[in-house]
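What follows draws every value from the coordinates through simple rules; no lab data is involved. Predicted model, so just to flag it, every value in this text is computed and none were measured. When we count neighbours, we look across all protein chains shown, and the Cβ atoms used for this are built from the backbone with ideal geometry, even at glycine.
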Amino acid sequence: MTNKTAANRYARALLDVAVKEQLDVQAVERQLAEFVDLLATHATLEQALLNPAIPVQRKRAVVEELTRRMKPLPIVAKLLVLLAGRDRLVLLPDLLAAYRERLMDHLKIVRAEVTTAVKLPADRAKAVEQSLARITGRTVTLETRIDASIIGGVIARIGSTVYDGSVTTQLKKMKEQLVATTQ
């Protein structure tokens with residue numbers, strides 16, 4: 001089993017239990033992120049906890065002490081201790097990413113990447129966000145990018161779905177139609 005597969009399973013179980021126990025699912029995400037950030041900002045700690053030469057019992061003891069000091073929700077503490085006890089702390093970044101994806105799905109939020117030729121004014125960005133929300137039936141969070149090569153219009157990507165309203169694409173379509181009619 002790959003690390004991503006295992007991380008997805010842990011993330012699914014974590015969200016399922018958090019929902020079942022009516023916990024604040026966003027607090028679970030924040031606390032998990034805090035622990036991942038702790039490891040990322042303290043390289044020595046991260047190296048020690050991820051080093052296969054260090055006995056699992058010591059890693060577990062360190063994680064138990066860290067969770068006592070950080071005081072996360074019991075579900076987060078149990079997960080961290082479980083991962084340390086199984087020497088699977090290496091999964092934490094992938095687990096956090098998978099949990100965030102599942103959390104967004106649970107909260108009916110989608111992330112849309114919108115590309116325009118120039119910076120979108122706030123009112124236009126809000127209008128695009130609302131249009132995408134109507135199309136998807138979910139709350140939309142926008143990430144905007146600028147790409148002058150599209151000349152004008154908007155390209156919106158939600159997951160694997162692309163809505164391409166760029167001038168460049170429209171010009172290509174017109175060219176194809178012209179070429180097809182002249183043959």
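Exactly one residue among I150, I146, I155, I135 is over 21 Å from R100 (Cβ atoms), touching a Lys or Arg at 6+ places or on another chain (Cβ under 7 Å) and of a type outside the set (S, T, N, Q), and that residue is I146. Close contacts from the range 10-28, counting a first residue that is among the hydrophobic types (A, V, I, L, M, F, W, C) and a second that is not in a helix (DSSP H, G or I), with Cβ to Cβ under 7 Å and a gap of 6+ residues or different chains, come to L23/L73; A27/L73; V28/L73. Quick check: is even one residue across the range 160-183 among the aliphatic types (A, V, I, L, M) and buried (at least 18 other Cβ atoms within 10 Å of the Cβ)? Looking through the range 160-183, none of the residues is among the aliphatic types (A, V, I, L, M) and buried (at least 18 other Cβ atoms within 10 Å of the Cβ).
Residue-level check: of (1) exposed (fewer than 15 other Cβ atoms within 10 Å of the Cβ); (2) under 26 Å from T5 (Cβ atoms); (3) free of Cβ contacts under 8 Å to residues at least 24 places away in the same chain; (4) not β-branched (V, I, T), A77 misses just (1).
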